[in-house]
1. Rank N52, N23, N69 by mean-square fluctuation in a GNM of the chain with C-alpha springs under 10 angstrom and give only the top-ranked residue.
2. Cα-based Rg (one decimal) and Dmax (whole number) for the stretch 7-84, in Å?
3. Can you give the relative contact order of the chain as a percent, counting alpha carbon pairs under 8 Å and 6+ residues apart?
4. Where does the charge balance sit around H10 when Lys and Arg score +1, Asp and Glu -1, over other residues with C-beta under 12 Å from its C-beta?
5. May I ask for the net charge around K62, where only other residues with Cβ less than 11 Å from the Cβ of K62 are counted and Lys, Arg are +1 while Asp, Glu are -1?
6. Between E37 and E92, what FRET efficiency follows from the Cβ-Cβ distance if R0 is 25 Å, with the result rounded to 0.05?
7. Among the GluC sites (Glu not before Pro) in the stretch 9-50, which ones are in a DSSP loop with at most 16 other Cβ atoms within 10 Å of the Cβ? Mind listing them?
8. Using helices alone, I'd like the mean residue ellipticity at 222 nm for the chain: each DSSP H run of four-plus residues gives -39500 (n - 2.57), total over residue count, nearest 500.
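Every number in this text was worked out from the coordinates using simple rules, so none of it is lab data. On a predicted model such as this, the values are computed, not experimentally measured, just so you know. Counting neighbours? That spans all protein chains shown, and the Cβs are built from the backbone with ideal geometry, glycine included.
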Amino acid sequence: MKNNFDIQPHITEKSFEMANALNKYVFITNEKINKIELKKHIEREYRVKVENIASLTKPGKKHIDWKTNRKFRKSDKKKYIVQLKKGDKIEEFLNK
């Protein structure tokens, strides 16, 4: 099991509103980690209690190399929506 995950907070207008209104926070990662590892990492990193995690896969964009005319796809990203226990907050998402 890895200890260092490449987990980044995904701060957009929609995720900002979800954080303030619904206490749900959005994270993006390139790695294939599961919900259990993510829950442990977030609880340890931000000192909060996670209630629920939903995950989606964002497919990588298709690109064409115009010199060689080869088609390729960027790597997929996993997007996680994490719901915290009532009263817990992550300060990175708030007041930006």
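1. Top of the fluctuation ranking is N69.
2. 15.6, 51
3. Relative contact order, the chain: 33 percent.
4. Here the count lands on +4.
5. Cβ neighbours under 11 Å give a net charge of +4.
6. So the FRET efficiency works out to roughly 0.80.
7. Sparse-neighbourhood loop GluC sites (Glu not before Pro): E31.
8. After summing the helix terms and dividing by residue count, I get -6500 deg cm²/dmol.
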